[in-house]
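Taken together, the values in this text are just the output of simple stated rules run on the coordinates, not laboratory data. These numbers were taken from a predicted model, which means no experiment stands behind them. Every residue, glycine as well, gets a Cβ built from its backbone with ideal geometry; the counts of neighbours run over all protein chains shown.
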Amino acid sequence: MKSFKSIKGVQAFIQEQEVKMVDFKVVDMKGRWNHLTIPAERLKEEIMTEGIGFDGSSYGFLTVEKSDMVLIPDLTTGFIDPFTEMRTLVFIADIYRLEEGKRVRFEDDPRYIAKKAEGYIAEKGMGDEALFGPEFEFYVLDHISYQIKNHHMEVKIDSRQGEWNAGKSDEKNPGNKVKKNGGYHVDVPLDSSYNFRNQTVDLLGTYGVPVKYHHSENGGPGQVEIEVEFATLLEMGDRTQKLKYILRNNAVKNGLSTTFMPKPFSDECGNGMHIHMHLFNQGKPLFYHEGGYSNLSKTALYAIGGILKHAPALMAFTNPSTNSYKRLVPGFEAPVSICYGTANRSAVIRIPGYATQPEHKRFELRSPDGTANPYLAYTAMLLAAAEGIENKIDPAKEGFGPYDVNVFELKASEQEKIKSLPKDLLEACDALEKDHQFLLKGGVFSKNLVRNQIQKLREEHHQIHKLPHPEEFRMYYDL
C-alpha cells in the first residue's frame, strides 16, 4: 500500500520504482472492478482536476443521454499490482459527472455513498467510527464450464477434493476426498487449497488487507473462508474489492478458480458473507453495556431493531442475485428468520458469544452474500442501524426475539410468529420499493439509484425465471 498526497509525489515514486503503467480501478453498480490504464509518463497534474472521461452507462449508471463521466484517482489508495507483467501502479478511482462544464462528485458513485454514510452517522452523533468485519465464504475449484443455448444447457464443476472423484481411475488417484457437507476445518491433505490460501493471505496482508484467519468450510468440494480484520465502511469496501481481485488473480496463477456465488452446488453448503458491525465514539465502544441482554447496550439493540425492521428491503443490496435465494432456504444453516439471539446461527442477527470484551462487543448480520456491491451493502446496513438508533426501535418489543434456541427446532406454531426474509429477488425488490426512505436520509442514497436497482434486479429475476430447468424435464416432460 502507498498513500500519496500529490501527483508530484506519485511521479517521484514512478521514477524511483521504474513504474511503466498506471492503472485506475472503478467500481460499477454490480460491485465489479473495471479499469483503465495509461503509460506512467502520461500521469500529469491535470488528472486531478480534469480526470479521464468514460461512459457511465456501461457501468450501470444513469441513462445513455447523461452518461458522460470522469474518473479521478484517490491518491491514498495506491499499490503495485502483483500480477501484471509490466510494473503497474494501481489507484482506486472516484467518479465525477459534468455539470455546466464543471466536474462534481457523482452522487451514485458507490465509494461516495459510503463516504456520505460515514459523514451522516457522525453528524447525527451516533458515533465517529463504524467498523465492519465481513467473513468471506467461497469455493476454490479446479474446473468450471457452462453453456446456455436455446437447445442446450449444461454446467460442469469440478474440485479435486469432491467426493464424486473418489472412484476416478483413468489417472492416478491419491484419494483424499471430502464427504458432502463435511469440510469444516478438515486438515491437509484433505484441505487441498491450503497452500493456495496461505499464498493469498500473505499477499492480502502485504497489500493492506490484514486477515484474522482462514480455514476450510462445510462444503465438501472446496468451500473455504477468509475472515479479515475490522475497518471503517469505506476502507472495508476498498479492502473487499482488493481481496476479490487478489484472490481471483492468484487463483488463475495457480490454475484454480474461485467463486462467491451463493449456491453453486445444489446439495452443498452455500456461500455467505456474514457482516460483523460495531460503533465507536472517540475510541469508546458504543455497543457494550454490562447487564444488558448479552451485555449489549441500548444503542446496539436499537441498531439491531433497525436492521431487522428493514431486513427485507436490505436484501436488494445485500443479496442482489437470483442465486442468493437458493442459499436462503429454511432448515439449512443459512438464516431466513428475521430475529436475533446470542450464538444463534439460525437467526438473521447473531451476537457472537465469544466476543465478551467491551471493544469487541458487536453483532453479525448473517444473511448477506458475496454477490453484493460491498459499498452499497455495508452502507445500507449502517443506515438501517442508524434508523433504529434514531427511532429507538426495540427489537424485543417489535417481536424479533431474542431467540436463544435453534429457530428451526421450534414448534410450527412458534415458528409462524417469526417473519421470514424474501423468498426470491422479486420479493426483495418489492420490499425495497415499499421501504427505502431510511436509505435516502442525509442524501446518502438517491431515489435514482434505488429506482435503478429495483428495475435492473427485476429484469434479472424475469430473465432467469423464464428459463426451463433441466430438472423440470425429468419431472414434467412425459406428462
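Assorted remarks:
- Two-site FRET efficiency, Val329 against Glu290, from Cβ-Cβ distance with R₀ of 41 Å, rounded to 0.05: 0.60
- Eigen-decomposition of the gyration tensor built on the alpha-carbon atoms of the range 120-476 gives equivalent ellipsoid semi-axes of 34, 24, 20 angstrom, largest listed first.
- Translational diffusion of the range 1-88 was estimated from the Stokes-Einstein equation, with Rh taken as the Kirkwood radius over Cα pairs; at 10 °C and 1.306 mPa s the coefficient is 113 µm²/s.
- Convex hull of the range 416-467 built on C-alpha atoms - directionally averaged projected area, nm²: 4.7
- Among the listed pairs Lys30/Lys156; Lys30/Lys242; Lys5/Lys124; Lys298/Lys397; Lys417/Lys441, those beyond 19 Å (Cα-Cα): Lys30/Lys156; Lys5/Lys124; Lys417/Lys441
- Estimated inter-spin distance, Ile80 and Glu154, nm [label 7 Å along Cα→Cβ]: 4.5
- FRET efficiency, 1/(1 + (r/R0)^6) with R0 45 Å, evaluated for Asn195 and Arg474 via beta carbons: 0.65
- Rg to Rh, two decimals, where the range 41-173 supplies the alpha carbon set and Rh follows Kirkwood: 1.14
- Segment Gln357..Leu98, full-extension length gain: 88.4 nm, with 0.36 nm per residue of separation and the alpha-carbon distance subtracted.
- Global form of the range 270-424, assessed from the alpha-carbon gyration tensor, a/c cut-off 1.5: oblate
- Counting every pair of alpha carbons in the range 334-404, the share spaced more than 18 Å apart comes to 47 percent.
- Relative contact order for the chain: 14 percent, from Cα pairs under 8 Å spaced at least 6 residues apart, divided by residue count.
- Shape analysis of the range 103-232 based on the Cα gyration tensor places the equivalent ellipsoid semi-axes at 40, 22, 13 Å, largest first.
- Estimated inter-spin distance, Glu433 and Arg32, nm [label 7 Å along Cα→Cβ]: 2.6
- 222 nm mean residue ellipticity, helices alone, for the chain (DSSP H n ≥ 4; -39,500 (n - 2.57); rounded to 500): -9000 deg cm²/dmol
- Each residue, Asp202 and Ile464, gets one label point 7 Å from its Cα in the Cβ direction; the gap between the two is 3.7 nm.
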